[in-house]
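What follows is a set of notes on a single structure, which appears directly below.
Each reported figure results from applying straightforward, stated rules to the coordinates on display, with no laboratory input. Here the structure is a predicted model, which is why all the values come from computation and not from measurement. Positions of Cβ are backbone-derived with ideal geometry, glycine not excepted, and every protein chain shown enters the neighbour counts.
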Amino acid sequence: MLTVKNLYASVEGKEILRGINLQVNPGEVHAIMGPNGSGKSTLSAVIAGNEDYLVEKGEITLNGEDLSEDDAEQRAHKGVFLSFQYPVEIPGVTVTNFIKTAINASRKAKGLEDMPAKDMLKNIREKAALLEIDSKFLSRSLNEGFSGGEKKRNEIFQMAMLEPKLAILDETDSGLDIDALKIVAHGVNKLKSKDNAVIVITHYQRLLDHIVPDFVHVLHNGRIVKSGTKELAHELEAKGYDWIKQLAD
Amino acid sequence: MDLKEKLISSFMAFEEQLDLSSPIHEMRTSSLKQFEKLGFPTKKHEAWKYTSLAKLLKNDYSIFPKKETVIELKDVKKYFLYDIDTYKIVFIDGIYSPFLSDTTHDGIDVCLMSSALSKDKYKATIDKHFNTIANQNDSLTALNTSFTKEGAYIHIFKSVVAEKPIQIIHFSTSDQGPMLLQPRNLIVVEENAQVQIFERHQSLNQHQVLTNSVTEIFASENALVDYYKVQNDLDDASIIDNTYVAQKAKSHVSVHTFSFGGQLIRNNLNFFQKGEYIDSTMKGITIIGEKQHVDHYTLVEHAQPNCESHQDYKGIYADKSVGVFNGKIYVNQIAQKTNAFQKNNNILLDDTATINTKPQLEIFADDVKCSHGCTIGQLDKDAMFYLRSRGIPKKEAKGLLTYAFANNVLESVKIPAIKSRINKLIANKLGVSIGHDL
Ligand SMILES: Nc1ncnc2c1ncn2[C@@H]1O[C@H](COP(=O)(O)OP(=O)(O)O)[C@@H](O)[C@H]1O
Ligand SMILES: [Mg+2]
């Protein structure tokens, strides 16, 4: 599904990713862990097509298609979804209208008509129920004044609506209490299938207890310094990152 | 002959159409002298530093309408608020159109300035109010006064709540070439009375039209007036709107100005507070592009204690458009406990667009709360990426964000039909498709 080869990326002249290699196949869940500042959010932003970051070298392909020329919206149309570590507040645009606009934009890109209002409403209701989101919440301005947990739940609601092929969840667990974490994990698991894939970025084992990864990678200083299976996450939880850093240096 | 000379020399011909015994005729002639002395403002005047009339004044305007043009309701219906019941005062090329209008004398007077100036029963009201707050030292106001003949006359009597909004609509057609229109409106709202007014100027085909309008609004004790102006005219239409508002104690007056189209728009909006516990609200949304020019020049005079004023102007400028905002707040020495707020936030969509924004505070009382803030920015990059990462194309994302930026000004619009109308105009203007709940 996703292939990242020897990826180098910089922002404002500062090199952040230094040779990332990653292969994610359909049906897989990958976890990316690593200390703060190691480049996890940068990697997800680069995959999603954020123009603030400059790809210096390497390639990203989705189902064999090179993404380098694609804008963020085109990548979204091809099935890439990023759940933001820090979702942006957009006063004046309601959650409902935002998601309607997004869905119909993707449909338009695929040559489809707007989703009929009735289907849209039904879809919104179902997905909101899945994430136990109150309907009042949907008529509020996007992320404005949302608690940390509400923002993250709203990100997964959008994911549920957009049904991406590749979802990257950047620290979706931070700001969630244990009940909300379970709801979000349940939502993600419901959406999982053999045809899509998920990359979970997290510091903690607790999310991985619910969304169980097939592979775990440790990012340090812009490189993947260790990969393994879910046991690696347990090891990191017990030992911290210091031994990884030493291993890398 | 330049326009000034033409105006002065046309005055005698104009007088032939008038009833010279009218109590206000003296004002016309003295105002003409005033205009003759002052001339049109130029960029040398501080208040006109960023807005030049020079190009417009080169047109060979006809000064008063010569013949009537007939238009059919079905062709112009879309310019009205048509989905709610309203009173209407409609003019075509400056001439009253009884056919398109719906006036009344039932409990309130919604009629014509021309009849108010000629009939005895209006004399007391005219004498008491006409030309009493319009600035005699403003040349364009003086020009309007000297050619006063027609406009809207609205009188809401004590404790009456006008049950329908009133629309004042000015259409212009190209039938008579370049045209100067000078409507003169008087709105008197007595104690405890309430009224909502909607004003629009619309040319029906591309032609040079310059409107120099003067409106005087009087709000007595505890009166409530909400005024909505839509400036969404064709590319060759320009307007100078001079509005003067005098408020007595506990009255609330709001003026919303929506400037979306036209060649040059200048709004001189003046509020004079003459009592305590007054609330004055001035809001505006400007969305322009190409070479359009919109200038908001506001003044609020706080003369008495315990009053408030709220100004919130948003501007979105594309291409080579130019915006100007100059907001003056004057607080008299005795006007303690004044709360005066002013905001002017702008987004420049292109490097070629400009905005000149300037607050002017003259505060002579010491116990006042006065805040002002001007911002000029581009669209937030993170917000753009957020929208695009959800599949919303760049152009639409821009539209949605600018829409959201402007939209909150509409919160204070009390008539739902106006709110949804403006909402749609904004969405069209910005190329976004919106659901009605946005
Ligand atoms: N837009 C940016 N401008 C400048 N520096 C950035 C930007 N984004 C990330 N960085 C820097 O890149 C490094 C990696 O950041 P990030 O990808 O957010 O790490 P992580 O998500 O692993 O905590 C940090 O040193 C951070 O300061
Ligand atoms: Mg991060």
(request) Can you tell me the FRET efficiency between B:Met12 and B:Asp235 if r is taken as the Cβ-Cβ distance and R0 is 30 Å, rounded to the nearest 0.05? (result) 0.30
(message) Which one, A:Gly149, B:Val294, A:Val46, is farthest towards the positive end of the dipole of the protein assembly as shown when Lys and Arg carry +1 and Asp and Glu -1 on their Cβ?
(response) A:Val46
(request) First measure r as the distance between the Cβ atoms of A:Asp134 and A:Ser227, then evaluate 1/(1 + (r/R0)^6) with R0 = 56 Å and state the FRET efficiency to the nearest 0.05. (result) 0.90
(request) Taking amide H positions as placed in the peptide plane 1.01 Å from N, state which residues far from B:Gln342 in sequence (5 or more) or on other chains have amide H under 5 Å from it. (result) B:Gln311, B:Ser371, B:His372, B:Gly373
(request) Run a plain Debye calculation on segment B:124-184 (Cα atoms as equal point scatterers, no solvent) and give log10 I(q)/I(0) at q = 0.16, 0.24 Å⁻¹, rounded to two decimals, same order as the q list. (result) -0.76, -1.15
(request) Tell me what the protein assembly as shown gives for mean residue ellipticity at 222 nm when only DSSP H runs of n ≥ 4 count, each as -39,500 (n - 2.57), the sum divided by the residue total, rounded to 500 deg cm²/dmol. (result) -8000 deg cm²/dmol
(request) Can you tell me the alpha carbon radius of gyration of chain B divided by the globular rule-of-thumb value 2.2 N^0.38 Å? (result) 0.96
(request) Let me know the Rg and Dmax you get for segment A:2-248 when you use only its Cα atoms, in Å. (result) 17.8, 57
(message) Could you identify which residue out of B:Ile287, B:Ile239, B:Ile24 has the top mean-square fluctuation in a GNM of chain B using Cα springs shorter than 10 Å?
(response) B:Ile24
(message) Rounded to the nearest 5, what % of DSSP beta bridges with both residues in segment A:2-248 are antiparallel?
(response) 60
(message) Defining a contact as two alpha carbons under 8 Å apart and six or more residues distant in sequence, what relative contact order in percent does chain B show?
(response) 9
(message) Among B:Ser139, A:Phe137, B:Ile154, which residue has its Cα furthest toward the positive end of the charge dipole of the protein assembly as shown, with +1 on Lys/Arg Cβ and -1 on Asp/Glu Cβ?
(response) A:Phe137
(message) If I model a spin label as a point 7 Å beyond the Cα along the Cα-Cβ vector, how far apart are those points for B:Ile133 and B:Ser118 in nm?
(response) 2.8
(message) Let me spell out the model: positive unit charges on the Cβ of Lys and Arg, negative unit charges on the Cβ of Asp and Glu, origin at the Cα centre of the protein assembly as shown. What dipole size does that give, in debye rounded to 20?
(response) 300
(message) From the gyration tensor of the Cα coordinates in segment B:78-221, what semi-axes in whole Å does the equivalent ellipsoid have, largest first, with each one equal to sqrt(5λ)?
(response) 24, 20, 13
(request) Mind checking the full-extension length gain between B:Lys66 and B:Thr352? Use 0.36 nm per residue of separation minus the Cα-Cα distance, one decimal, nm. (result) 98.8 nm
(request) For segment B:369-438, just list the percent of Cα-Cα distances falling in each 5 Å bin from zero outward, please. (result) 3, 14, 23, 20, 17, 12, 7, 2, 1
(request) For A:Glu113 and A:Asn21, calculate 0.36 nm times their separation in residues minus their Cα-Cα distance, and state this gained length in nm to one decimal. (result) 29.3 nm
(message) Nothing charged except the Cβ atoms of Lys and Arg (+1) and of Asp and Glu (-1): what's the magnitude of the dipole of segment A:2-248 about its Cα centre? Round to the nearest 20 debye.
(response) 420
(request) Once every Cα of the protein assembly as shown carries one equal point scatterer and solvent is ignored, give the base-10 log of I(q)/I(0) from the Debye formula at q = 0.05, 0.08, 0.10, 0.12 Å⁻¹, two decimals. (result) -0.33, -0.72, -0.94, -1.18
(request) Exposed loop chymotrypsin sites (Phe, Trp or Tyr not before Pro) only (DSSP loop, at most 15 other Cβ atoms within 10 Å): please give the longest stretch of chain B free of them, not including the sites. (result) B:158-363
(message) Quick check for me: using +1 on Lys/Arg Cβ and -1 on Asp/Glu Cβ, what's the dipole size of segment B:1-157 about its Cα centre, in debye to the nearest 20?
(response) 620
(request) Please work out the Cα center distance from segment A:50-87 to segment B:107-177, rounded to the nearest Å. (result) 61
